[in-house]
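The values are calculated or read from the model by the stated rules, or taken from the named source; none is laboratory data. On a predicted model such as this, the values are computed, not experimentally measured, just so you know. FYI the Cβ positions are ideal-geometry reconstructions off the backbone, even for glycines, and counts take in every protein chain you see.
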Amino acid sequence: MAYETLNVEIEDHVAIVRLNRPEALNALNAQLMSELADCLRSMEVNDKVRVTILTGSEKAFAAGADITEMAEKSFVDVFTEDLFSAETDQILRCRKPIIAAVAGYALGGGCELAMMCDFIIAADTAKFGQPEINLGIVAGIGGTQRLTRFVGKSKAMEMHLTGRFMDAEEAERSGLVSRVVPAKRLIEEATAAAQKIAEKSALTTMVVKEAVNRSYETTLSEGLLFERRVFHALFATEDQKEGMNAFVEKREPQFRDK
Ligand code: CO8
């Protein structure tokens with residue numbers, strides 16, 4: 001399917017989905033969010049795709065929700081539309097891993113979109129921020145909740161209250177991104193990580209996602225119980241037998257996602 005606001009390439013089981021609204025620094029408008037939700041839904045059922053990389057341009061991952069599109073909306077408009085709610089639900093429902101590869105600005109909804117992915121690899125040019133306060137609004141697709149869980153209350157509160165940006169080095173130090181790479185190597189590094197994941201059992205990667213994400217939604221004891229149960233359950237799979245037998249036989253495993 002062709003999209004106007006996205007470029008999609010699929011190679012070696014890795015999809016690279018590139019936000020493509022250069023005229024507005026990839027600001028998230030209704031069309032882009034709808035196309036992105038549709039695209040990620042189609043990746044879920046595409047046998048050629050095992051991992052998705054979500055990225056933007058050298059200058060911007062995404063500079064936030066589209067301000068020009070939002071400016072004249074009323075409370076009734078945004079409440080009735082439930083702006084971006086269905087689209088973000090779709091992104092969060094994805095069971096295949098999604099890596100955010102961020103260069104340049106990831107601001108407002110852009111930072112929130114990156115945080116919805118499973119992990120973030122940042123170029124050394126990346127800048128993260130929640131500058132909604134400058135517009136007289138607050139974050140609306142997870143920024144107050146997710147940034148706080150990633151970087152802690154003090155830093156999250158400061159960023160939301162002042163609107164200041166965080167550079168890549170600070171983002172790595174604070175746990176927002178998994179690592180920082182030179183901008184020129186961003187896609188190469190994200191693709192290498194994606195290919196490493198694509199070699200694993202797809203079934204197990206889905207379980208990993210569920211178990212790690214569960215840690216945000218429940219108590220420690222419930223999370224540990226969930227982890228133990230899925231650990232037990234994986235012994236019912238062929239991939240557990242294959243993975244362990246391959247280790248014992250000193251060979252590479254051939255996972256079959258079963
Ligand atoms: N929306 C619309 N257009 C944008 C946006 C945006 N968020 N960001 C940049 N653009 C446009 C600019 O208007 C400009 O267009 P034009 O060339 O036609 O004037 C073009 O992109 C290039 O931008 P600049 O000339 O401003 O580029 P600079 O390099 O000078 O500055 C910045 C880059 C610092 C990123 C600057 O563009 C900026 O501050 N952008 C706005 C950042 C921002 O405030 N983001 C938060 C938006 S609100 C939000 O994300 C809420 C999320 C929750 C929504 C969901 C609700 C449920």
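Structure values in brief
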quantity	calculated
Residue under evaluation Thr80, criteria (1) among the polar types (S, T, N, Q); (2) touching a residue at least 40 places away in the same chain (Cβ under 8 Å); (3) within 13 Å of the ligand (Cβ to nearest atom); (4) assigned to a helix (DSSP H, G or I), criterion not met	(2)
Filter result for the condition that a residue is under 18 Å from Arg185 (Cα atoms), in contact (Cβ under 8 Å) with a residue 24 or more places away in the chain and either assigned by the TED database to the domain that holds Arg185 or under 14 Å from the mean Cα position of the chain (by Cα) (or both), over Leu32, Leu54, Leu28	Leu54
Scope the stretch 100-126; condition within 15 Å of the ligand (Cβ to nearest atom) and surrounded by fewer than 24 Cβ atoms within 10 Å (Cβ to Cβ); matching residues	Gly104, Met115, Met116, Thr125
Close pairs (8 angstrom Cβ cut-off, 6 or more residues apart or separate chains): closer than 18 Å to Val8 by Cβ and among the hydroxyl-bearing types (Ser, Thr, Tyr) in the stretch 178-197, at pLDDT 95 or above and surrounded by 15 or more Cβ atoms within 10 Å (Cβ to Cβ) anywhere	Thr191/Val14; Thr191/Ile16; Thr191/Ile53
Unmet criterion (only one of (1) out of contact with any Gly (no Cβ under 6 Å at 6 or more places or on another chain); (2) farther than 30 Å from Phe255 by Cβ) for Ala65	(1)
Single residue of the stretch 1-20 satisfying the filter (assigned to a loop (DSSP other than H, G, I, E, B) and touching a residue at least 40 places away in the same chain (Cβ under 8 Å)) that is farthest from Leu36 (Cα to Cα)	Asp12
Helices (runs of 4 or more DSSP H) wholly inside the stretch 162-258 that include at least 3 residues being under 16 Å from the mean Cα position of the chain (by Cα)	186-198, 202-214
Per-region count, the stretch 1-34, residues within 16 Å of the ligand (Cβ to nearest atom) and under 16 Å from Leu54 (Cβ atoms)	11
Test result for Glu72, in a loop (DSSP other than H, G, I, E, B), closer than 28 Å to Asp124 by Cα and over 16 Å from the mean Cα position of the chain (by Cα)	no
Output for the stretch 110-134, where each listed residue is over 12 Å from the mean Cα position of the chain (by Cα), part of a helix (DSSP H, G or I) and within 15 Å of Leu25 (Cβ to Cβ)	Pro131
